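Worksheet: one structure, shown below.
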Amino acid sequence: MNVSNPVESDKPPPKRKPIWPWLVILVLTLAIIYTHHRISLIIDDLAQMAGDFTQLLRWILAKLEG
């Protein structure tokens, strides 16, 4: 004898959680990492340029004095 409850059979299957919030978080995280890396490279280049500029000024002053 098979007794089935009609109320339980009318329920839709459970919904799966959406994946798109996790994809958005992944994309934002990768963008932040990339931006941090690029900013670090820019700061290093500016520091190197400041040293080169100082060396150039010292060279010019040495040529003007001598």
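Just one of (1) open to solvent by less than 80 Å² (accessible area, probe 1.4 Å); (2) at pLDDT 95 or above; (3) aliphatic (A, V, I, L, M) trips up residue 32, so point out which.
In the conditions (1) open to solvent by less than 80 Å² (accessible area, probe 1.4 Å); (2) at pLDDT 95 or above; (3) aliphatic (A, V, I, L, M), residue 32 misses (1) alone.
In segment 44-57, is there at least one residue being modelled with pLDDT of 90 or more and of a type in the set (Val, Ile, Thr)?
Checking segment 44-57: at least one residue is modelled with pLDDT of 90 or more and of a type in the set (Val, Ile, Thr).
The values are calculated or read from the model by the stated rules, or taken from the named source; none is laboratory data. Keep in mind the model is a prediction, meaning the values are calculated, not measured. Only protein heavy atoms, including side chains, enter the accessible area calculation; ligands, DNA and RNA are left aside. Shrake-Rupley method; radii C 1.70, N 1.55, O 1.52, S 1.80 Å.
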